Every structure is written in C-alpha cells, then in structure tokens.
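So the structure is just underneath, and the comments pick up after that.
The values are calculated or read from the model by the stated rules, or taken from the named source; none is laboratory data. Note that the structure is a prediction, hence the values are computed from the model and not measured. Quick reminder, even Gly has a Cβ in these numbers, built from the backbone with ideal geometry, and neighbours come from all protein chains shown.
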Amino acid sequence: MNILIVEDEKLAVRKLTKLLEETAPEFNVRGITPSIAATVEWIAENRADGRPEPDIIFLDIELADGQSFEIFNRIQIRSTVIFTTSYDEYALQAFKVNSIDYLLKPVQQEDLQRAIRKYYDLTAGKTAPAAQVDLEAILKTLHLQAPVPDYRKRFLVKQGARLLSVETSEIAYFYIDNGLTFFKNHQGQKFVVDYKMDELDGFLDPSRFFRVNRALIVTHQCVVQMQPYYNHRLALTLHPALDKETIVSRERAHDFKIWMGK
C-alpha cells in the first residue's frame, strides 16, 4: 500500500509516519512533499516514470505556498485523499457532506484507524465510492474564501532608451537564451525580463501560461501545432516562431494536453 504525505510541518510528518507504522504496517510511505509545487512535481514525475499512483494521499490543507486545494487545479488526482487539518469539528462537516475523510490535527491513533477502515471499506466495495472533490462546497461550508491569486498583469521592459509597460495578454511566450529570460509578444517583438523561470512560473496565471520545460513557458495562442515526439514527449510549433527546440518534457506532456483542451 503506497502512501504520499503532503505536509510542511516536520513534527507532524514524524508523528503521522510513526502512527502509520503502528496502525498499518502494510503502508509504505513512498514520498513526503512540503508544498503545492513540490506535490504537483512529485505526482507528475511519478506518473511519467510509470510508477503506480499512491493508494492514499494524506493532504494537509494549509501549506507554505497556499491551500492544498490548488493541487487539484494543477494536476489530476487519482488517489484516495484524506485531509489533515486544524479546523474545528463544526467546520469539518464539509468533508463529511462531500464524502471526504479527514484527520483533525494533532492526529490521534483512533482517528487514523477510522480513516483506514473507511479506505478499506471503499476499496472492498462495502460503501459507496467517494464523490468527486467539490472544492467550492468545501470552501463555502468552511466559511473560507478561496484566495484570489494576484497574478502578474504586466511587465515593465526596456526598448532602447524607453520603458514600456506590456500587458501579459500581449505576451506569446517566455524563453531562456544564453542565460537570459526573454518574452516575445504576438507580433514577434523580443524583450528581456529580469526574472528567472521559476519566478515567472510562480506569478503567471496557470490558466493562461504553461511551463512546458525548464526553458519555455507558452500561452494557448502561440501553439500552432503539437506532434508526438520520442520518449513520450511533444514537439510544438509556435507563432511567432522560436529558433530553438520547443519540446514538452515527458513529465509535463499529459498535463499539457489537458491544459490545451481547456
């Protein structure tokens, strides 16, 4: 039985791991991730390598880089999810209503045993399958407001002696060339930006921008064509044209195809 623990508190990780060893020694903790970004990357790489999905993901709600509900927006989750949370019992009715199990922190052994029994009942067909995660209903019942991300709306760039403010809607893609980060607008004009790709990946709207590999972030509008490429990758044709190899990495290819269909 393979387990993924998503938790940013080391003490909570140690306690949950110890309780799992005592309560369900057949469980094998395959991975521990502390953030939304690390979890999405772990799942994508695990899937790309052809390894089995975790049977259960123990998912803390509050992570260092946001609420873990964002993970469901970034990648398809195929595992059973058990949330761990510090919310009070009244608020946690949201999880019961949506057929989602939870562990109230600090996790107690009897609660863990209950959650594991529920998992085995589900997999044995003794109870109805869990409903699809209804994030909106959960957030409403918990009296939370899903944070509205403050995605970057424009960039200030140089053009000769002038400074231009370019809206993100005018940008076709970002790329790296000789260690510098550039973007091209839809007319093919090239501008340098003083950000690394990891920084851009963090404050660009993921519904409009997708990082296909370490050196390229694209928009829907710039992708003219995509074709299968060896080793389960994808080759892209972009407009405006880019005089570089434009390949979607193997671990991102599946999610890229889903993103392109949205």
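Could you grab me the full set of residues in the stretch 169-184 that are crowded, with 18+ Cβ neighbours inside 10 Å and touching a residue at least 40 places away in the same chain (Cβ under 8 Å)? Can you show your working first?
First, pick out the residues of the stretch 169-184 that are crowded, with 18+ Cβ neighbours inside 10 Å: 171-175, 181, 183-184.
I171, A172, Y173, F174, Y175, K184, listed by residue number.
Yes/no per residue for (1) small (G, A, S); (2) closer than 18 Å to V157 by Cβ:
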residue: N178; (1), (2): no, yes
residue: T181; (1), (2): no, yes
residue: Y195; (1), (2): no, yes
residue: G202; (1), (2): yes, no
residue: L216; (1), (2): no, no
residue: H220; (1), (2): no, no
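What are the residue pairs meeting all of these: first residue in the stretch 55-83, first residue under 12 Å from T39 (Cβ atoms), second residue part of a helix (DSSP H, G or I) and of a type in the set (G, A, S), Cβ atoms under 8 Å, and 6 or more apart or on different chains?
What qualifies is D60/A12; D65/A37; I75/A44.
Quick one: count up the residues across the stretch 233-246 that are buried (at least 19 other Cβ atoms within 10 Å of the Cβ) and either more than 25 Å from the chain's Cα centre (by Cα) or within 21 Å of G188 (Cβ to Cβ) (or both).
Here the count works out to 4.
Determine, yes or no, whether A241 is farther than 30 Å from R47 by Cα and modelled with pLDDT of 95 or more. Even if it seems obvious, please write down each step before you answer.
On the way: farther than 30 Å from R47 by Cα: yes; modelled with pLDDT of 95 or more: yes.
Judged against the criteria, A241 is a match.
Which one of these does K18 not meet: (1) in contact (Cβ under 8 Å) with a residue 60 or more places away in the chain; (2) surrounded by fewer than 16 Cβ atoms within 10 Å (Cβ to Cβ)?
Every condition holds for K18 apart from (1).
Residues of the stretch 47-65 being surrounded by 15 or more Cβ atoms within 10 Å (Cβ to Cβ) and aliphatic (A, V, I, L, M), which ones?
Selection gives A48, I56, I57, L59, I61, L63.
A quick yes/no check of all residues on (1) at pLDDT 90 or above; (2) closer than 23 Å to S207 by Cβ:
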{"site": "N28", "(1), (2)": "yes, no"}
{"site": "G31", "(1), (2)": "yes, no"}
{"site": "T39", "(1), (2)": "yes, yes"}
{"site": "W42", "(1), (2)": "yes, yes"}
{"site": "R47", "(1), (2)": "yes, yes"}
{"site": "P52", "(1), (2)": "yes, no"}
{"site": "F58", "(1), (2)": "yes, no"}
{"site": "L63", "(1), (2)": "no, yes"}
{"site": "N73", "(1), (2)": "no, yes"}
